[in-house]
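A.B. asks: What follows is a single structure, and I will ask about it in a moment.
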Amino acid sequence: MPEIKVTPLGAGQDVGRSCILVSIGGKNIMLDCGMHMGYNDDRRFPDFSYIIQNGRLTDFLDCVIISHFHLDHCGALPYMSEMVGYDGPIYMTHPTKAICPILLEDFRKITVDKKGETNFFTSQMIKDSQELCILLETFWERMNLKAPIYFSTGLTEKANHYYKLFITWTNQKIRKTFVQRNMFEFKHIKAFDRSYADNPGPMVVFATPGMLHAGQSLQIFKKWAGNEKNMVIMPGYCVQGTIGHKILNGQRKLEMEGRATLDVKLQVEYMSFSAHADAKGIMHLKLVSSEQALKELGLNEHQLRFTCRVQLQDPHCDSDTLHRIYKHLKSVLKGYTIQHLPDGTVIVESIVIKVSSSAEDTNTKVLLLSWSYQVNYISDSLSFEQM
């Protein structure tokens, strides 16, 4: 087995600017390229000096893999592109265990200035948001509370749509409630509009980012900080230097942009609701296969497949058409496993191809294609026009 060398370029001794260089078998892969929320100088970005000595990053790195869309993990990508000269491949890990290619242009849309303002907010709360929604919805129902609950992130609203559609994929406790109603059909929780922050009366607002360093949460905090009847609940760890870290440590006068001072009179509480494991949780982690994990959790594996129909003109019978397709694929897809099965199907990796004649015209063949999400990349190589 080749030697594996791991070099932290960021987040080695603190939280933020996650960036790990992994060298194995002559390949150099960067895991994450984040920035630190608490700094406004060069310490915000990973230390690229270790690899700049090798020339342009594009010539040194084979690829960059981002763990998830959070500034701690991807916020330094525009800096790395414009200042250090990287324009190579970038991949994004996905909950389905796939690794999806993404365009650097997507990250150039992230605008970051020296004060830490950004137009790109975390999607980290999506999963936690659904859990919080269920907890609050249940409590509001039980206590017959009337105060509205708002979520300020559109991503949560979109995610909730899919939770409603795929409720049968949730855990057993949630599925059982589906007999009476869909747990994700919330009565008390609505989308937030920034004008609501000035409304009189009580309300609950969930806003990102959680460290209060920018975005909607900071704007609402500045509006409500001066009233002792208000309360902010911090849901997790806040990096040193952020507003969240300062108020958790008891600071009551904050210097804001333009040297303005903000008096903090509202109540500050902390409730750990982080998606990250703590030290105890990390020490108890164990690596198991997906099959073993499903068995231990008592869950069934779900396979997601895509289908489409393609029409082509061919005067031959269905079996001859399928054989011609098989020969064509064998000639253009040299590196893939291609099988022609007796049951009248052609299989390319996990792609299944079947042929039938159109009811209106026997010369028109209908190809039914079915494939899993793992093999989307093969679709670029498939073409039946040259048969």
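A.B. asks: May I ask for the net charge around P315, where only other residues with Cβ less than 11 Å from the Cβ of P315 are counted and Lys, Arg are +1 while Asp, Glu are -1?
C.D. replies: It works out to a net charge of -2.
A.B. asks: In whole Å, what is the distance between the alpha-carbon centres of the range 21-50 and the range 335-370?
C.D. replies: 47 Å
A.B. asks: Go through M256, M143 and list them by solvent-accessible area, largest first, probe radius 1.4 Å.
C.D. replies: M143, M256
A.B. asks: Excluding ligands, DNA and RNA, what is the solvent-accessible area per residue of the range 305-381 at a probe of 1.4 Å, expressed in Å²?
C.D. replies: 59 Å²
A.B. asks: Work out, step by step, the length gained on full extension between L287 and F60: first 0.36 nm times the residue separation, then minus their alpha carbon distance; give nm to one decimal.
C.D. replies: Fully extending the segment from L287 to F60 adds 78.6 nm.
A.B. asks: So, one more: Give the long-range amide H neighbours of S372: residues separated by 5 or more places, or on another chain, with amide H under 5 Å away, using H modelled in the peptide plane at 1.01 Å from N.
C.D. replies: Here the answer is F306, since their amide H atoms fall under 5 Å of that of S372.
A.B. asks: Further question: Give me the percent relative contact order of the range 126-270, please, defined on Cα pairs under 8 angstrom at least 6 residues apart.
C.D. replies: With pairs under 8 Å counted, the relative contact order is 21 percent.
A.B. asks: Within the range 305-381, what whole-number % of the accessible surface is contributed by carbon and sulfur, with the 1.4 Å probe and all protein chains included in the calculation?
C.D. replies: Exposed carbon and sulfur together represent 50 percent of the surface.
A.B. asks: How do 40-46, 260-266 rank on mean C-beta neighbours within 10 Å, highest first?
C.D. replies: Descending mean neighbour count gives 40-46, 260-266.
A.B. asks: Considering amide H positions built from the backbone, and no H for Pro or chain starts, which residues 5 or more places from V205, or on another chain, come under 5 Å of its amide H?
C.D. replies: Y150
A.B. asks: How many percent of the accessible area of the range 126-270 is carbon or sulfur, using a 1.4 Å probe?
C.D. replies: Roughly 53 percent of what the probe reaches on the range 126-270 is carbon or sulfur.
A.B. asks: Calculate one ³J(HN,Hα) per residue across the range 217-231 by plugging θ = phi - 60° into the Karplus curve 6.51 cos²θ - 1.76 cosθ + 1.60, and present them in order as whole Hz with x for glycine and proline.
C.D. replies: With coefficients 6.51, -1.76 and 1.60, one gets 4, 5, 4, 5, 4, 5, 6, 9, 5, x, 10, 5, 7, 8, 9 Hz.
A.B. asks: Heavy atoms only, 1.4 Å probe, whole protein assembly: order V288, V232 by accessible area, highest first.
C.D. replies: Output order, biggest surface exposure first: V288, V232.
A.B. asks: Next question. Spelling out what I want: for every residue of the range 30-38, take phi, set θ = phi - 60°, compute 6.51 cos²θ - 1.76 cosθ + 1.60 (Karplus), and round to whole Hz; glycine and proline get x.
C.D. replies: Karplus values, whole Hz, x for Gly and Pro: 9, 9, 6, 8, x, 10, 8, 6, x.
A.B. asks: Related question: Using mean Cβ contacts within 10 Å as the protection proxy, how do 363-370, 243-250, 222-229, 292-299 order, highest first?
C.D. replies: Per-residue mean Cβ counts within 10 Å order the peptides as 243-250, 363-370, 222-229, 292-299.
The values are calculated or read from the model by the stated rules, or taken from the named source; none is laboratory data. What you see is a predicted model, and the numbers here were worked out from it, not measured in a lab. Neighbour counts are summed over all protein chains in view; Cβ atoms, including those assigned to glycine, are modelled from backbone coordinates with ideal geometry. Areas reflect the complete protein model, heavy atoms only, side chains present, ligands, DNA and RNA absent. Shrake-Rupley method; radii C 1.70, N 1.55, O 1.52, S 1.80 Å.
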